[in-house]
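The values are calculated or read from the model by the stated rules, or taken from the named source; none is laboratory data. No experiment lies behind these values; they were computed from the predicted model shown. All Cβ positions, glycine included, derive from the backbone under ideal geometry; neighbour counts span all protein chains shown.
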Amino acid sequence: MQRQRNHRYRTGFGLVEAMMSLTISAMLLTAISAAFSASAGAIRNNDRFFQATQTARVGLHHLLSEIRTGSVDEAWDAHEITLITGSATPEERIYRYLPDQDQLVMILSADTTAHPYVLARDVTDMSFSVDMGTDYNNAPCVARVNVSLTVKVGNNEIRLSGAAAPRRNLVYK
């Protein structure tokens, strides 16, 4: 008689295969977590840029609207302009660019103790320029105000600009 051989068939992984599969899984999980972290950072940066851009647009719109409805003090410089708004009770408002804080702020000059109201953050550059003209009495007045500002967050940058003419200085015929 022939002896029967007792063959054992291997089932499952050996120690070497299990260690290799764990090593490969660990490398894949590390790569996935790095990709997730990078995309989360990009999303945060884009959200911050979007918010900064939107607040700068709203601030610029607010400033240009007040220029149109008010009158502009002729004493201005590239980083500050003073507006007189309201017809019944005139109110003086100062719009100022603070380069050391990267902000566009509005200051109510009647309340000197109040903190400035921040209209826009992450503003890296801003300038006002004024075109002079004459009013209906041929007296010199501000005919047009040009405003440009740059918002920068990370590597993203946008330049916004606009212009407005104070309507109180216009001559209607």
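Scan the range 23-38 and give yes if some residue there is exposed (fewer than 15 other Cβ atoms within 10 Å of the Cβ), at pLDDT below 90 and outside any strand (DSSP E or B), otherwise no.
No: the range 23-38 contains no residue that is exposed (fewer than 15 other Cβ atoms within 10 Å of the Cβ), at pLDDT below 90 and outside any strand (DSSP E or B).
What is the residue count in the range 141-163 for residues that are under 19 Å from T85 (Cα atoms), at pLDDT below 90 and not basic (K, R)?
Within the range 141-163, residues that are under 19 Å from T85 (Cα atoms), at pLDDT below 90 and not basic (K, R) number 4.
Taking the options Q54, Q101, name whichever one is touching a strand residue (DSSP E or B) at 6+ places or on another chain (Cβ under 9 Å) and either assigned to a strand (DSSP E or B) or not aromatic (F, W, Y) (or both).
The match here is Q101.
Taking only the range 62-77 into account, find how many residues are in a helix (DSSP H, G or I) and either within 15 Å of R167 (Cβ to Cβ) or touching a residue at least 60 places away in the same chain (Cβ under 8 Å) (or both).
Adding up the residues that qualify gives 7.
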